[in-house]
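Below: the structure, in structure tokens.
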Amino acid sequence: MSLRYLKPDMYKKIEEKKLKIENESEACLKEMLRTIQSMLEDENIPNEMKVRTKNIYGIYKKLEEGGKISDIHDLLALKIMVDDINNCYQTLRLVHSKYHPVNGKFKDFICNPKTNMYRSLHTTVFAPGDRLVQTQIRTFDMDKIASFGLSAYWDIKKGTAREVMQQNLKDKYQFFNSLVEINKVFGDNKEFVNQVKKELFANKIYVYTTKGEIIELPIGSTPIDFAYKIHTDVGNTMVAAIVNDEYVDIDKPLSNKDRVRIITDDLSFGPREDWIDKAVTTHAKRKIREFNRR
């Protein structure tokens, strides 16, 4: 809505292009819907499907980054909701058996949920009419959380005792823990909001541990942030970092899909005070301060 009033000409221009793409893609998407629904029914998989076109502001942001509308791989999307996680992967197999996937455009947010609890499988496929269509596959409960956020959790967990629900949030959801962490450090409301924007709502990178686990971090994070995300003791005893099989400075910003290994030594002097300025995440900064106070 802000874009509509701040840049009305740009908004109208994108809106016209979006409507044109939707009209031109209607037949292609209907064919995909019919085909996938038929395959799911043959496998007795309960489902619901929706068509989505990227919103105008989302398109605007991609264009501002220097891209073209034709380069936006998730411009057209098909949302498929099924009853359980097993059927999510079964649906993925069926989709790939009919439509070839685009290499490098598959993401598994079910095994590795985003900080904000978002879970789904994403795959971009070559659709009829030489079009690219992103397919999002998730359970009905996952779709509720994608649409309504944390409030949906209460609807999904109806009848569960409050204490159990609160414990679930602490154990399962990084977003909740990150908010608590930031709240402990930033007492001032304005500082709290600014840090939440910087740490939780900024773009993310996804890096790998040596065991293949994916760690989500804010853009600009360093091996220091990574180490403390793994465990406080790992951060406190870190003496070096290896990224993609090469030694790097511990304050070198990490990139998406980096493989990170932290070298520790129980006899190390511990984190230096200047690490606070080199770290990005509130959690790492707080743990460094605590160590130096002791």
Looking only at residues in the stretch 268-294 that are out of contact with any helix residue (DSSP H, G or I) (no Cβ under 9 Å at 6 or more places or on another chain) and not in a helix (DSSP H, G or I), which one is nearest to L254 (Cα to Cα)?
D274
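Going through the stretch 193-224 one residue at a time, which ones are assigned to a helix (DSSP H, G or I) and surrounded by fewer than 16 Cβ atoms within 10 Å (Cβ to Cβ)? I'd like the intermediate steps shown before the answer.
Keep residues of the stretch 193-224 that are assigned to a helix (DSSP H, G or I), which gives 193-199, 223-224.
Within the stretch 193-224, V193, N194, K197 meet the criteria.
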Tally, over the stretch 225-237, of residues that are part of a helix (DSSP H, G or I), of a type outside the set (A, V, I, L, M, F, W, C) and surrounded by 15 or more Cβ atoms within 10 Å (Cβ to Cβ):
6
G66 - would you say it is in the same structural domain as N23 (by TED's automatic domain parsing), assigned to a loop (DSSP other than H, G, I, E, B) and modelled with pLDDT under 90?
yes
From V164, V185, residue being within 30 Å of H283 (Cα to Cα), outside the structural domain of M32 (by TED's automatic domain parsing), free of Cβ contacts under 8 Å to residues at least 12 places away in the same chain and β-branched (V, I, T)
V164
Can you name the condition, by its number, that A77 falls short on among (1) buried (at least 18 other Cβ atoms within 10 Å of the Cβ); (2) out of contact with any helix residue (DSSP H, G or I) (no Cβ under 7 Å at 6 or more places or on another chain); (3) part of a helix (DSSP H, G or I)?
(3)
Of (1) over 23 Å from N86 (Cα atoms); (2) surrounded by 11 or more Cβ atoms within 10 Å (Cβ to Cβ); (3) free of Cβ contacts under 8 Å to residues at least 60 places away in the same chain; (4) hydrophobic (A, V, I, L, M, F, W, C), M49 satisfies all except one. Which?
(1)
Mind checking which strands (runs of 3 or more DSSP E) fall wholly inside the stretch 91-165 and carry at least 3 residues that are closer than 22 Å to P46 by Cβ?
121-127, 131-139
Verdict on L29 being surrounded by 12 or more Cβ atoms within 10 Å (Cβ to Cβ), closer than 30 Å to L94 by Cα and within 28 Å of the chain's Cα centre (by Cα)
yes
Quick one: A27 ticks every box in (1) in contact with a Pro (Cβ under 9 Å, 6 or more places away or on another chain); (2) at pLDDT 95 or above bar one, so which box is it?
(2)
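The values are calculated or read from the model by the stated rules, or taken from the named source; none is laboratory data. In this text, all values refer to a predicted model and were calculated from it rather than measured experimentally. Note that we place each Cβ from the backbone using ideal geometry, even for glycine, and neighbour counts take in every protein chain shown.
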